[in-house]
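First comes the structure, then the notes that go with it.
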Amino acid sequence: MATVAGSWSRLWGALSAAAFWVGLGAEVFDLVVIAPLWTAAPPLSVKTWAELALRPQPERFFVPFAAVLMLATLLAWLSGLGVRGSRRWWLTLAMLASLVVVWASAIELGPNERALASAAVRDELSLIALAETWLRWSLLRLGALVVGSYAAQRGRLVDVVARSRSGRSGQVSFSADGHAQRGNGPTSFAALRESRRRGMRREDFVWSDEDD
């Protein structure tokens, strides 16, 4: 049975989900709008790109973003370890996805983009290899952001459902003689069947306050 996450875990979970969606949008923009400017016909397009005085530098956004993403997801995961149910497993998947984003951004794509910026001093084969490496790691980062966005959002939805069920189960409890009464006890169908055997009418059972 799933338990409800604490307020801090829900807060960090929401921040993690928002960060994943922001990163996903930035990655799509990078691949669709920025990357074609220098990957159109390497190595010439790369050299032309490197000679521009003003050009977008995705590394300056993605490296600090990846650190924030990993921190928010890590705190959501740590604060939700005691929560039973599938939420912590979704957060574990989101945590793994954030680690892939950090590795791709800081270890692989960052140095790769700096190398592409010095295209004037590199040979053509080297530039083509760098462009292909950038594309592979950028697609991997895109995949990690897609998986992380889905996992973080599922983790939030699981908690919403758990809180909703917890609220409904608190509407009815059963006394020692099997009769339904209002309170914070869990709704038990076994107890409901037992109370029916003892003569309680069906209309005496109250599902929630809205039925009054």
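The values are calculated or read from the model by the stated rules, or taken from the named source; none is laboratory data. The structure displayed is predicted, hence computed values, not measured ones. Counting neighbours? That spans all protein chains shown, and the Cβs are built from the backbone with ideal geometry, glycine included.
Go over the candidates Phe20, Phe29, Phe61 one by one and state the one that is among the aromatic types (Phe, Trp, Tyr) and touching a helix residue (DSSP H, G or I) at 6+ places or on another chain (Cβ under 6 Å).
Exactly one of Phe20, Phe29, Phe61 is among the aromatic types (Phe, Trp, Tyr) and touching a helix residue (DSSP H, G or I) at 6+ places or on another chain (Cβ under 6 Å), namely Phe20.
Given the structure, is Gly23 in a helix (DSSP H, G or I) and surrounded by 15 or more Cβ atoms within 10 Å (Cβ to Cβ)?
Considered against the rule, which asks whether it is in a helix (DSSP H, G or I) and surrounded by 15 or more Cβ atoms within 10 Å (Cβ to Cβ), Gly23 comes out as yes.
For the range 112-143: of the residues being hydroxyl-bearing (Ser, Thr, Tyr) and part of a helix (DSSP H, G or I), which is surrounded by the most Cβ atoms within 10 Å (Cβ to Cβ)?
Applying the filter and picking the extreme gives Ser138.
Return yes when Leu96 is closer than 30 Å to Ser45 by Cα, surrounded by 14 or more Cβ atoms within 10 Å (Cβ to Cβ), modelled with pLDDT of 75 or more and assigned by TED's automatic domain parsing to the domain that holds Gly25 and no when it is not.
Spelling it out, it is not the case that Leu96 is closer than 30 Å to Ser45 by Cα, surrounded by 14 or more Cβ atoms within 10 Å (Cβ to Cβ), modelled with pLDDT of 75 or more and assigned by TED's automatic domain parsing to the domain that holds Gly25.
From the list Trp103, Trp38, Trp77, which residue is farther than 27 Å from Leu127 by Cα and either free of Cβ contacts under 8 Å to residues at least 60 places away in the same chain or in a helix (DSSP H, G or I) (or both)?
Residue meeting the stated conditions: Trp77.
Collect the residues in the range 28-72 that are among the acidic types (Asp, Glu) and more than 15 Å from Ala117 (Cβ to Cβ), keeping them in residue-number order.
Hit for the range 28-72 is Asp30, nothing else.
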